[in-house]
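The values are calculated or read from the model by the stated rules, or taken from the named source; none is laboratory data. Everything quoted here is computed from the prediction, not taken from an experiment. Here Cβ is always computed from backbone atoms with ideal geometry, including for glycine, and neighbour counts include all displayed protein chains. Accessible surface areas use protein heavy atoms only, side chains included; no ligands, DNA or RNA. Shrake-Rupley method; radii C 1.70, N 1.55, O 1.52, S 1.80 Å.
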Amino acid sequence: MSLAAMAAAGFRAFGAKGPAWLGRSPWAQLSAGFCSRSAAGAERPELPPRPTSARQQDGIRNIVLSDPKKRNALSLAMLKSLQRDLLHEAESKDLRVIIISAEGPVFSSGHDLKELTDERSPDYHAEVFQTCSEVMLLIQKLPVPVIAMVNGLATAAGCQLVASCDIAVASDKSSFATPGVNIGLFCSTPGVALGRAVPKKVALEMLFTGEPISAQEALLHGLLSKVVPEEQLEEETMRIAKKIASLSRPVVSLGKATFYRQLPQDLGTAYHLTSQTMVDNVALKDGQEGIKAFIQKRKPIWSH
């Protein structure tokens with residue numbers, strides 16, 4: 001599915017409200033203003049706060065799961081709001097990297113179990129899991145890197161979200177679990193991302209027992225990129241994001257897409273695919289600029 005198709009499927013009009021320290025993005029303000037009045041200027045009922053907030057500055061988009069009272073559960077509304085924030089002008093050259101973080105002591109507790117009782121129809125349940133899968137797939141299909149910044153507990157689909165991000169930085173107080181088996185709901189969909197991020201036997205122990213692993217264990221097994229003290233988490237995450245934002249967007253975008261394309265291939269096919277990509281990369285304007293800048297011992301001037 002193209003990003004344009006995903007955008008059409010994912011767009012929903014929510015109000016725009018986020019934590020004070022993040023402020024509000026210009027496009028979120030525009031959305032809020034657009035939804036607040038009718039064409040004739042009549043007042044409309046105020047929409048409930050969006051469960052995510054977002055702002056963008058210097059090429060870095062910060063998306064925050066902003067429903068700490070519900071442990072940032074990935075309700076259908078939360079998933080659609082996150083999907084919208086990820087998709088917004090994703091093809092814009094001004095967007096270089098995305099950070100996903102959360103308010104409160106829980107990064108995300110996974111699906112909202114109140115949405116999964118038999119009071120809801122099977123069609124509703126299917127929409128929840130389908131939307132969740134679309135969000136996880138979208139993260140890898142986006143043309144820019146997505147970083148999870150985790151400071152707390154990430155369980156079930158919350159752990160799945162961390163595993164689905166391109167990079168994951170966590171504080172040393174964080175922990176990760178897929179505890180669905182303990183309540184009779186095996187974490188089958190979280191297992192897709194988890195099983196591709198950590199060794200099979202580690203994933204299966206987490207899935208079969210539901211027991212959490214520490215941030216250091218998650219780092220050891222490959223679920224995380226880096227673990228830092230809590231007070232250094234934002235600084236280190238921003239350091240990585242700023243480095244990515246300083247680089248050529250077309251080169252990073254080509255590299256990300258190719259990395260995920262070659263992963264499931266056999267060795268020969270992977271080398272054939274990436275060899276052609278290297279040729280394409282050399283032909284890029286920024287590819288030639290970087291090579292010439294290196295030879296001339298100067299800083300490259302990227303086109304985007």
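Of note:
- Sole residue being open to solvent by less than 90 Å² (accessible area, probe 1.4 Å), under 19 Å from A148 (Cα atoms) and not in a helix (DSSP H, G or I), chosen from L233, L223, L219: L223
- Looking only at residues in segment 286-300 that are in contact with a Phe, Trp or Tyr (Cβ under 9 Å, 6 or more places away or on another chain) and part of a helix (DSSP H, G or I), the one that is surrounded by the fewest Cβ atoms within 10 Å (Cβ to Cβ) is E289.
Listed here are the residues, each with its yes/no results for (1) touching a helix residue (DSSP H, G or I) at 6+ places or on another chain (Cβ under 8 Å); (2) open to solvent by 10 Å² or more (accessible area, probe 1.4 Å); (3) assigned to a helix (DSSP H, G or I); (4) of a type in the set (A, V, I, L, M, F, W, C).
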residue	(1), (2), (3), (4)
N72	yes, no, no, no
A77	no, yes, yes, yes
R84	yes, yes, yes, no
A90	yes, no, no, yes
K93	yes, yes, no, no
F107	yes, no, no, yes
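- Counting the residues of segment 39-62 that are under 21 Å from I99 (Cα atoms) and modelled with pLDDT under 85 gives 1.
- Checking each residue in segment 156-209 for being touching a residue at least 60 places away in the same chain (Cβ under 8 Å), in a helix (DSSP H, G or I) and of a type in the set (S, T, N, Q) picks out only T189.
- Cross-chain or 6+ apart pairs with Cβ under 8 Å, segment 292-304 first and farther than 16 Å from G59 by Cα, then open to solvent by 100 Å² or more (accessible area, probe 1.4 Å) and of a type in the set (A, V, I, L, M, F, W, C): A293/I301; P300/F294
- Test: residue in segment 8-18 that is at pLDDT below 70 and in contact with a strand residue (DSSP E or B) (Cβ under 6 Å, 6 or more places away or on another chain): yes
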